[in-house]
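**Q** Before I ask anything, let me first share the structure, which is written out below as structure tokens.
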Amino acid sequence: QVQLVESGGGLVQAGGSLRLSCVQSGGRFSANVMAWYRQPAGKQREWVAHIQADGRTNYRDSVKGRFTISRDNNVNTVYLQMDNLKPDDTAVYYCNTQPTPWENYWGQGTQVTVSS
């Protein structure tokens, strides 16, 4: 059974930075594609970025050049470095992995609030 635990959210002013962390327990972290999603209040959850087992990354257009996803397989952790934050980045951020087509795991979420 895979468990994901996020941390690192908080309140920051526009232009500031935060780094989110997500630790996986159980399963084979190094083999998994790891992703970050976010859900603004009253809106649907949306994909933010993912990193493949070989380190290749992809980002939604609105965060390109500002967010960086990375992973450390030694500590089973995926990170999301968020720079030049904007009020529109305010959301609950979730870590996700889908090791197989029939498995889909989410963390509990961490709140990021960006004030203008």
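**Q** Kindly provide the set of residues from the range 75-101 that are of a type outside the set (S, T, N, Q) and modelled with pLDDT under 95, ordered by number. Can you show your working first?
**A** Of all residues in the range 75-101, those of a type outside the set (S, T, N, Q) come to 75, 78-80, 82-83, 85-89, 91-95, 99, 101.
Selection gives Pro99, Pro101.
**Q** Restricting attention to the range 56-73, which residues are touching a residue at least 12 places away in the same chain (Cβ under 8 Å) and farther than 15 Å from Leu18 by Cα?
**A** The answer is Thr57, Arg60, Ser62, Arg71, Asn73.
**Q** Go through the range 54-75 and give me each residue that's within 15 Å of the chain's Cα centre (by Cα) and among the aliphatic types (A, V, I, L, M).
**A** Val63, Ile69
**Q** Checking Ser21 against (1) without any contact (Cβ under 8 Å) to a residue 60 or more places away in the chain; (2) out of contact with any Gly (no Cβ under 6 Å at 6 or more places or on another chain); (3) part of a strand (DSSP E or B): exactly one of these is not met. Which one?
**A** (2)
**Q** Inside the range 11-36, can you point out the residues that are within 12 Å of the chain's Cα centre (by Cα), of a type outside the set (A, V, I, L, M, F, W, C) and either over 21 Å from Thr90 (Cβ atoms) or open to solvent by 50 Å² or more (accessible area, probe 1.4 Å) (or both)?
**A** Once the filter is applied, which keeps residues that are within 12 Å of the chain's Cα centre (by Cα), of a type outside the set (A, V, I, L, M, F, W, C) and either over 21 Å from Thr90 (Cβ atoms) or open to solvent by 50 Å² or more (accessible area, probe 1.4 Å) (or both), the range 11-36 yields only Arg19.
**Q** Confirm whether Ala53 is free of Cβ contacts under 8 Å to residues at least 40 places away in the same chain, outside any strand (DSSP E or B) and open to solvent by less than 60 Å² (accessible area, probe 1.4 Å).
**A** Working: free of Cβ contacts under 8 Å to residues at least 40 places away in the same chain: yes; outside any strand (DSSP E or B): yes; open to solvent by less than 60 Å² (accessible area, probe 1.4 Å): yes.
So Ala53 passes the test.
**Q** Could you give me the residue pairs with C-beta distances under 9 Å whose first residue belongs to the range 2-18 and is more than 18 Å from Tyr37 (Cβ to Cβ), whose second residue is basic (Lys, Arg) and open to solvent by 50 Å² or more (accessible area, probe 1.4 Å) wherever it lies, and which are 6+ apart or on separate chains?
**A** Sorted first by the residue in the range 2-18, then by its partner, the pairs are Ala14/Lys86; Gly15/Lys86.
**Q** Additional query: Yes or no: Trp47 touching a Lys or Arg at 6+ places or on another chain (Cβ under 8 Å) and open to solvent by 40 Å² or more (accessible area, probe 1.4 Å)? Quick ask: steps written out before the conclusion?
**A** Details: touching a Lys or Arg at 6+ places or on another chain (Cβ under 8 Å): yes; open to solvent by 40 Å² or more (accessible area, probe 1.4 Å): yes.
For Trp47, the condition - touching a Lys or Arg at 6+ places or on another chain (Cβ under 8 Å) and open to solvent by 40 Å² or more (accessible area, probe 1.4 Å) - is met.
The values are calculated or read from the model by the stated rules, or taken from the named source; none is laboratory data. Given the structure is predicted, the values throughout are model-derived calculations rather than measurements. Here the Cβ is made from the backbone with ideal geometry for all residues, glycine too, and neighbour counts use every protein chain on show. These accessible areas exclude ligands, DNA and RNA; they are computed on the full protein's heavy atoms, side chains included. Shrake-Rupley method; radii C 1.70, N 1.55, O 1.52, S 1.80 Å.
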